[in-house]
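Here the structure is laid out as structure tokens; the discussion comes afterwards.
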Amino acid sequence: MRIFSGIQPTGRKHLGNYIGAIQQYVAGQDRGDAIFCVVDLHATSVPFEPAALRESVYDTAAILLAAGLDPERCIFFRQSDVMEHTELTWLLCSVTSWGELNRMHQFKDKAGPQRELVSASLFFYPVLQAADVLAYRADEVPVGDDQRQHIELMRNIAERFNQRFGETLVVPEHRIPEVGARIMDLQFPDRKMSTTGGSPQGTVLVLDPPEVVVKKLRASVTDSGTEIRRSPDKAGISNLIQILAAVRHTSPEEIEREFEGFGYGAFKQAVAEAVVEFLAPVRERYDELRADVEGLDRIFDTGAAKARPIASETLGDVRAAMGFGPVRERL
Ligand code: AMP
Ligand code: TRP
């Protein structure tokens, strides 16, 4: 079983990223042959500064390593170090329709508020994402709920490619966690937690100091009721229940049972303490990892050296299937 996922180099990873995705990456190392990359090419689809981009790739890498990605047990690399991703993106464009890309929620969400130019790369973003996964013939893609549509698209692209050019690519499945796949903003619990679309007070960053984490969770918006249970009209409390269940690796039902009869204040305090404890090991390891840029570069070099042969074998098959180069036997 091969597992692949990518994460954007925003540097400021939040609790939603951690619970929805990073936690699953770490677990993936025990479940199969795991490959992860920091998707710096995707980051150029919105306005960016080159020097800041380079730094935030290291920030993100240090967070992932601090969270438990182990370069001995997975392949961990920087997307732009493996050129096959960009070549495959172009080749896959021939089996991707303009209409499909135009229906992507993330494109619409990001293109809408963009004041500077809406780049063509924002439109092609999901094809690059498909290339990331399909280049490794991955079976499973751990992601949060917001990536559901992108994974569906890459499945369609792979199926269409195989129908058109012969069986070449593996059609991947998403792996979305049952608990914590969509952590909401603590101030606006009808929006997902996000460093770009959310509120700073409602977003717990993985590297926030403990007192800040406590403050944000204690100030989280709830309803005027008293009961600790999930319900559509109790978005804030439902979110806190999800968060506590995810960090304790238990179910929301279990949390509701445990906190029956508790007040909101005591419940928020319990969630705050659990989140502080959950994030502490990452914060403790981060500074040392981040300070060693040469060490991070070595990890990226080793990762890219392992990733390239896999991607290049797929590209060889894709090129041959599509009619490039002289006729050759499949590897
Ligand atoms: P990104 O930082 O956008 O690259 O996202 C990295 C991973 O975190 C992706 O798999 C997302 O689906 C996941 N993710 C992002 N926001 C949330 C959220 N609020 N709740 C759960 N998962 C999330
Ligand atoms: N688009 C994903 C996100 O915003 C990041 C990503 C890029 C990704 N390539 C990927 C996720 C490949 C899974 C597989 O979170």
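The values are calculated or read from the model by the stated rules, or taken from the named source; none is laboratory data. It should be emphasised that the depicted structure is a prediction, and the values quoted were computed from it without experimental measurement. A quick note on method: Cβ atoms are made from the backbone with ideal geometry, for glycine too, and the neighbour counts reach across all protein chains shown.
Some observations on this one:
- From the list T195, T222, T226, the lone residue that is within 16 Å of ligand 2 (Cβ to nearest atom) and not in a helix (DSSP H, G or I) is T195.
- Flag if R164 is at pLDDT 95 or above, surrounded by fewer than 16 Cβ atoms within 10 Å (Cβ to Cβ) and within 14 Å of ligand 1 (Cβ to nearest atom): no
- Put simply, of P210, P172, P126 the only residue that is at pLDDT 95 or above, surrounded by 15 or more Cβ atoms within 10 Å (Cβ to Cβ) and in contact with a strand residue (DSSP E or B) (Cβ under 6 Å, 6 or more places away or on another chain) is P172.
- Residues within region 157-183 that are touching a residue at least 60 places away in the same chain (Cβ under 8 Å), outside any loop (DSSP other than H, G, I, E, B) and not basic (K, R), tallied: 3
- Pair list, Cβ < 9 Å and 6+ apart or interchain, from region 1-13 residues that are near ligand 1 (Cβ under 6 Å from one of its atoms) to residues that are assigned to a strand (DSSP E or B) and not charged (D, E, K, R): I7/F36; I7/C37; I7/V38; Q8/V38
- Yes/no for V318 being farther than 28 Å from Q79 by Cβ, in contact with a helix residue (DSSP H, G or I) (Cβ under 7 Å, 6 or more places away or on another chain) and surrounded by 12 or more Cβ atoms within 10 Å (Cβ to Cβ): no
- When residues in region 75-107 are screened for being of a type outside the set (G, A, S) and within 16 Å of ligand 1 (Cβ to nearest atom), 9 of them pass.
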